[in-house]
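Each reported figure results from applying straightforward, stated rules to the coordinates on display, with no laboratory input. None of these values were measured; they are calculated from a predicted model. All Cβ positions, even for glycine, are placed from backbone atoms using ideal geometry, and neighbour counts span all protein chains on display.
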Amino acid sequence: MENKYKKRILFLGMPDMAIICLSKLVAEGFNIVGVVPPHFTEATYGLMCNFTKSLRLPLITYERTMDELDFIHKVRQLDADIAVVCSYNKKFPPELLKTVKGGFVNCHPSLLPDYRGANPYSNVIINNEKETGITLHFMDEKFDTGNIIAQKKVNIENKETMGTLFNRMNYLCAEFLSEFLKNFEQNTDVVSMPQPQGEFKKAPAIDSRNMRNFIDWDKDAAYIDRFVRALNPFISAMTNFRGVFLKVYSAEISDKKVKEEPGTICHVKDTLGVATGSGVLYIKSLQFGSYMISDAKSFIEKFKPQIGEKLGK
């Protein structure tokens, strides 16, 4: 199928954002001249390679680092007019950034300069933000600090989860990127503005390796509810019960005052009520150990947790 647009585009990305955006660009007839998947040591490498091959697009890979002469040469030979990046976990060396005449444009899922980092999705929910968005910006040698080209805002819904926000943002990014590239087809002189200097809200990674996905029962119930939603479903908010990991997937909250210490079970009928620093978190669905995923009622029937037992690290 002949491409509708002529500008030569280099695409770099990691699933799932990359798959959604690349699908959109190919369907609309953009001229993708090469795709750079994540490094082969990444879990998503095979997925991105297989998807790229299914679209009959050329793969451009590197052995160890992105400043390898062979890789730089392959990218330069593509003679791309512009490069677009949809989720990538490595800094781009200056040698690579010079290979594409129109520069490298990144799609970042926050309103920069706030929430630079690996996980804007979770952090905006945890911090009770009312809106977030997509930023298109030129890439430099640091993460998420290049000149801003354009931004689009989106509201954060009342019961938003990481999963629902992730999906909405990925499709918004695909639409935004398509609009930008259509404009670039007509005018390659892209206007951008430097990001302001100073300290801004951050978006660090949250996972079990850094223990940041463990519930702090000393926090109030409203905060813990946001924390649970912010990690559902890709990371999972964790605690433990009887020495076994317990993942909390959904919950409800109450400002009811209880005498039990934070992390103590205070209710065991239909839902599992846990005292917090302020209020009660009623767990609705969970995973106990490696296999049992259930609603709280089934968990209570099988394991018979008792009022007074404690959850925690």
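Below are the figures for this structure:
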{"read-out": "Amide N of segment 1-17 lying under 16 Å from the label point, which is placed 7 angstrom from the Cα of residue 182 along Cα→Cβ", "value": "4-7"}
{"read-out": "Cut-off 14 Å between beta-carbons: net charge of the residues surrounding residue 6, Lys and Arg +1, Asp and Glu -1", "value": "-1"}
{"read-out": "Entries of 91/310; 53/91; 202/269 with Cα pairs more than 31 Å apart", "value": "91/310; 202/269"}
{"read-out": "Segment 1-102 - Kirkwood radius from inverse mean 1/r over Cα pairs (Å)", "value": "13.7 Å"}
{"read-out": "Cβ-based net charge around residue 63, under 13 Å, with every Lys or Arg adding one and every Asp or Glu removing one", "value": "-1"}
{"read-out": "D_trans [Stokes-Einstein, Kirkwood Rh over alpha-carbon pairs] for segment 198-313, 37 °C, 0.692 mPa s, µm² s⁻¹", "value": "231 µm²/s"}
{"read-out": "Burial order of peptide ranges 229-242, 291-304, 10-23 (average beta-carbon count within 10 Å, highest first)", "value": "10-23, 229-242, 291-304"}
{"read-out": "Nearest-0.05 FRET efficiency for residue 128 and residue 309, computed from C-beta distance (R0 35 Å)", "value": "0.70"}
{"read-out": "Cα-based helix-to-principal-axis angle, 162-186 vs the chain, degrees rounded to 10", "value": "10 degrees"}
{"read-out": "Fraction in percent of alpha-carbon pairs per bin - 20 Å, the chain", "value": "30, 47, 21, 2"}
{"read-out": "Using alpha-carbon coordinates, inclination of helix 17-27 to the longest axis of the chain, degrees", "value": "40 degrees"}
{"read-out": "Residue among 77, 151, 195 with the largest mean-square fluctuation in a Gaussian network model of the chain, springs linking Cα atoms under 10 Å", "value": "77"}
